[in-house]
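Notes for the one structure printed next.
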Amino acid sequence: MKYLRYILFLFMLVAVSLPTFSAEETEKGGSGISLKEILFGHVQDAYQWHITDISGKAVVIPLPMIFYSSNSGFYVMCSSQFEHEPDGNLLRKGPNGFYIQGAEDEKGKIVEQTATGLQPVAFDISITKQVCVLFIDAIILLLCILIPARWCKKHKINDPAPKGFTGMMHMFIMSVYDDLIKSTLGEKADKYAPYLLTCFFFIFFANLMGVVPFPPGGGNITGNIAVTCFLALCTFLITNVTGNAHYWREIFWPEVPMWLKCPMPLMPIIELFGVFIKPIVLMVRLFANMFAGHAIAISLSCMIFIMFGLGGFMGKLLGGFITPVSVLMSIFMMFLELLVCYIQAMVFTLLSAIYINMSHSHAE
């Protein structure tokens, strides 16, 4: 275990440094594997939900596209109306002069052909893959909270403890409340527990959905920095909007020697930077950990195809050697990812509780 990080880093280095093959090389025996496209195709958004490829044909779930063009108005259509493969200009043709720009739909933007050329649409509120995963995550979250809440509504506090799913969720919720929220916020726990519990279970279920490789999973929304940015922004607003007078006084006029805050406000500047650094830490920590875990797992799997794609005796030798190693390491990484799903939800919730508690501190 001591050298595990170095082994994983070596695998990633070899995978990135090995050549990928074009379509012509694939016909001659190349692997046709592009680690970059597979990795970013997994974590980036798309207008359709790609499941797998069967005999070279993509199996996808089409999704609704909703957008507004300043030239021709409002449109609602299905992503299946667009061609799956891009043309020579890297455009996927659709109806009414619309295109999805880019070699892959994960990279694309909806553009419209006008007299002056291609113009992006005014706004795009399409139900993309990650939006679908957000909806599914929200439904699971509601079921996991409302079912135990319904049981509590119908029973008295001295009734026997629930069993089955309701009992498991009661145990899980109380564990997070007592060990993370109550122990950090104390008397203020009940006020902020709804938000913090929502954060924990939303992140936890979203992480688990990213580990599942097929629908309704397969969308790594916590590996999308826009999602983690929004979660961190919520904590930032709650922390600073509800902060007391002592919290702001410690930022703009901390109890330090006078020369550190006047005439040059050195400490107030540092403290003010800290206000904005805290949500950035929350955002990057969650995003980087979830993205890195998926990157390592995908890289380990792709190593097999890359090695065999080298061709010749050396390719077979390296492929035969790396296959059992990659399979075992991939299984290990998947189990580790399950643990990370819980740890990252716990860390985000705990840090949010700490930041909120710091904004309600009093003078010693």
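The values are calculated or read from the model by the stated rules, or taken from the named source; none is laboratory data. Since the model is a prediction, treat every value here as computed from it, not as a measurement. Cβ atoms come from the backbone with ideal geometry, glycine included; neighbour counts cover every protein chain shown. Just the protein is used for accessible areas: all its heavy atoms, side chains included, with ligands, DNA and RNA removed. Shrake-Rupley method; radii C 1.70, N 1.55, O 1.52, S 1.80 Å.
Here the Kirkwood formula, the inverse mean of 1/r across different C-alpha pairs, assigns region 274-364 a hydrodynamic radius of 16.0 Å. Over region 190-317, the alpha carbon radius of gyration divided by the compact-protein estimate 2.2 N^0.38 Å works out to 1.63.
GNM remark for the chain: springs join alpha carbons under 10 Å apart, and the peak mean-square fluctuation among 254, 62, 216 falls on 254.
Pairs from the table (154/188; 57/316; 109/278; 129/191; 57/109; 191/261) lying more than 25 angstrom apart at Cα are 154/188; 57/316; 109/278; 129/191; 191/261. Taken along the Cα-to-beta-carbon direction at a fixed 7 Å, the label points for residue 116 and residue 54 span 4.7 nm. Take the Cα coordinates of region 81-240, assign each an equal point scatterer, and use the Debye formula without solvent to give log10 I(q)/I(0) at q = 0.12, 0.14, 0.16, 0.17 Å⁻¹. Evaluating at q = 0.12, 0.14, 0.16, 0.17 Å⁻¹ gives log10 I(q)/I(0) of -0.72, -0.87, -1.02, -1.09.
When the chain is treated as a Gaussian network with alpha carbon springs shorter than 10 Å, the biggest mean-square fluctuation among 94, 167, 210 belongs to 167. Temperature 10 °C, viscosity 1.306 mPa s: under these conditions the Stokes-Einstein estimate for the chain, based on its Kirkwood radius over C-alpha pairs, is 66 µm² per second.
Apolar share of the accessible surface for the chain: 69 percent from carbon plus sulfur atoms, 1.4 Å probe.
Dipole orientation for the chain: of the candidates 200, 298, 330, 200 has the Cα lying most toward the positive pole (charges on Cβ; Lys, Arg +1; Asp, Glu -1).
Over the chain, DSSP H runs of length four or greater, each weighted -39,500 (n - 2.57), average out per residue to a 222 nm ellipticity of -19500 deg cm²/dmol. Would you list the membrane-span-like helices of the chain, meaning whole DSSP H runs whose alpha-carbon atoms span at least 24 Å along their axis and whose mean Kyte-Doolittle value is at least 0.5? Within the chain the helices that satisfy the rule are 129-154, 189-211, 266-309, 312-358.
For the residues 262, 234, a 1.4 Å probe over the protein chains yields an accessible-area ranking, largest first, of 262, 234. Comparing 303, 334, 314 in a Gaussian network model of the chain where C-alpha atoms under 10 Å apart are linked, the largest mean-square fluctuation is found at 314.
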